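Take a look at the structure set out below.
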Amino acid sequence: MTPAAPAPRAAAAGPARLAVRDLTFAYGARRVLEGVSFEVRPAEILGFLGPNGAGKSTLFAILAGLLPAGGGEIRLDGERLDPRSRALRARMGVVFQEPSLDAKLSARENLLLGAALFRVPRAEAETRAAALLEAAGLADRGGEAAGKLSGGMRRRLELARALVHRPEVLLLDEPTSGLDAAAFRRTWEAIEGQRRANGLTAILTTHRPDEAERCDRLAILSHGRIVAMGAPAALRSAVAGDVVLVEADDPGPLAAGIAGRFAVETRAVPGGVAIVRERGHELIPRLVEAFPRGRFRSVSVRRPTLADAFLHLTGEALAEETPAGGASPGAVAEATPPSVGSSASTVRP
């Protein structure tokens, strides 16, 4: 089961650290972003939750200065800036989804190279590199080549390098994609540590419900538009009732059969059937009695997750990810232990 996320910390009062208004982008005739607007305040963690194709990567590339926006504006501390301006880049740190470390350089050398790119004086860079290696739990690995570190260690080193010039805003693209549970936890401990110590503002993209739970606020992104925004708990509350998951083969015919017998809305998902219903626990014994023994492997009930909320708000399912350490937490398709904000019980016929 995924460890409970820390309670969100309230963002500092006052003007937005970063404000984006009516951002648009198109590849030819295909509109990728449509009027995206949001604000993030100092020391706030804002997440963009959506599957592949939602527009997350394009939005990230524009904010990182890699793509010119088709329209709209970006303001940092009230000042309007071109996304590709050096002034904006100097005040931001960026962690890309794909690895960007020099595998042949040591961990410490990677940090010093990052500092040099932002013209941090050498003596100051040495001090910052040592502190960041310590904070990342890599103080004893600073002399090792980055290519010899584990995946989780390399991810924390990427984060440290993005922070070496002390940016005010940190951009993270799918920061824990592919990491196991332990590496996921250590990476988020590093992000939270920087927020506590330095008031860091962070903006991240993710398709993982368990990661989205760590954010103070979330923007649900679908087909280039923000369809909902709020705290994770508020977005989960958009799903009325409980989620009953029936784990079985041939989910399509089973979904139709359950809908016909009980007049409930069903949805076939990989590995079974999902049913949203008030007082879902009352439906379980009726399901067990109505179908032959062996028709399904288990029935469980839990409170809605962010994956359920995304499905409810957009009609789309989030892509599943199975980290090296086990099953993807919170995916609506799985009859597994619940993610943050849910509780469950399971019956195995």
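Structure notes:
- Cβ pairs under 8 Å, 6+ apart, first in the range 186-201 and over 11 Å from Ala43 (Cα atoms), second among the polar types (S, T, N, Q): Thr187/Thr176; Trp188/Thr176
A quick yes/no check of all residues on (1) surrounded by 19 or more Cβ atoms within 10 Å (Cβ to Cβ); (2) closer than 26 Å to Glu192 by Cβ; (3) touching a Ser or Thr at 6+ places or on another chain (Cβ under 6 Å); (4) free of Cβ contacts under 8 Å to residues at least 40 places away in the same chain:
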residue	(1), (2), (3), (4)
Ala26	no, no, no, no
Arg41	yes, yes, no, no
Phe48	yes, yes, yes, no
Asn52	no, no, no, no
Lys56	yes, yes, yes, no
Leu59	yes, yes, no, no
Leu63	yes, yes, no, no
Ala69	yes, no, no, no
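- Here is the figure for the range 252-271: residues that are under 16 Å from Ser300 (Cα atoms) and modelled with pLDDT of 90 or more total 3.
- Among the residues making up the range 63-88, those that are among the charged types (D, E, K, R) and under 24 Å from Ala26 (Cβ atoms) are Glu73, Arg75, Arg80, Asp82, Arg84.
- Restricting the first member to the range 115-136 and to residues that are assigned by TED's automatic domain parsing to the domain that holds Pro167, and the second to residues that are small (Gly, Ala, Ser) and not in a helix (DSSP H, G or I), the beta-carbon pairs closer than 6 Å and six or more apart or on different chains are Leu133/Gly142.
- Of all residues in the range 156-185, those being buried (at least 20 other Cβ atoms within 10 Å of the Cβ), of a type in the set (D, E, K, R) and not in a strand (DSSP E or B) number 4.
- Count of residues meeting criterion [free of Cβ contacts under 8 Å to residues at least 12 places away in the same chain and part of a strand (DSSP E or B)] in the range 28-39: 1
- Checked against the criteria, Ala228 does not count as closer than 20 Å to Pro304 by Cβ and either under 12 Å from the mean Cα position of the chain (by Cα) or assigned to a helix (DSSP H, G or I) (or both).
- Matching residues in the range 286-341 - criterion: being among the β-branched types (Val, Ile, Thr), within 29 Å of Ile226 (Cα to Cα) and modelled with pLDDT of 85 or more: Thr305, Thr314
- Strands (runs of 3 or more DSSP E) within the range 242-306 that include 3 or more residues in the same structural domain as Ala212 (by TED's automatic domain parsing) and in contact with a strand residue (DSSP E or B) (Cβ under 7 Å, 6 or more places away or on another chain): none
- Positions within the range 196-208 being in contact with a Pro (Cβ under 7 Å, 6 or more places away or on another chain) and either hydroxyl-bearing (Ser, Thr, Tyr) or outside any loop (DSSP other than H, G, I, E, B) (or both), in sequence order: Thr201, Leu204
- Scanning the range 269-306 for residues that are in contact with an Asp or Glu (Cβ under 9 Å, 6 or more places away or on another chain) and of a type in the set (Gly, Ala, Ser), we see that the one that is surrounded by the most Cβ atoms within 10 Å (Cβ to Cβ) is Gly272.
- Residue within the range 253-261 that is under 19 Å from Ala309 (Cα atoms) and of a type outside the set (Ser, Thr, Tyr) present: no
- Taking helices (runs of 4 or more DSSP H) as the structural unit, no element lying wholly within the range 77-155 holds at least 2 residues that are out of contact with any Gly (no Cβ under 9 Å at 6 or more places or on another chain) and among the β-branched types (Val, Ile, Thr).
- Taking the criterion of being buried (at least 21 other Cβ atoms within 10 Å of the Cβ), over 13 Å from Leu287 (Cα atoms) and among the aliphatic types (A, V, I, L, M), the only residue of the range 240-268 that qualifies is Val243.
The values are calculated or read from the model by the stated rules, or taken from the named source; none is laboratory data. A quick note: this is a predicted structure, and the numbers were derived from the prediction, not measured. Backbone-built Cβ (ideal geometry, glycine too); neighbour counts: all protein chains shown.
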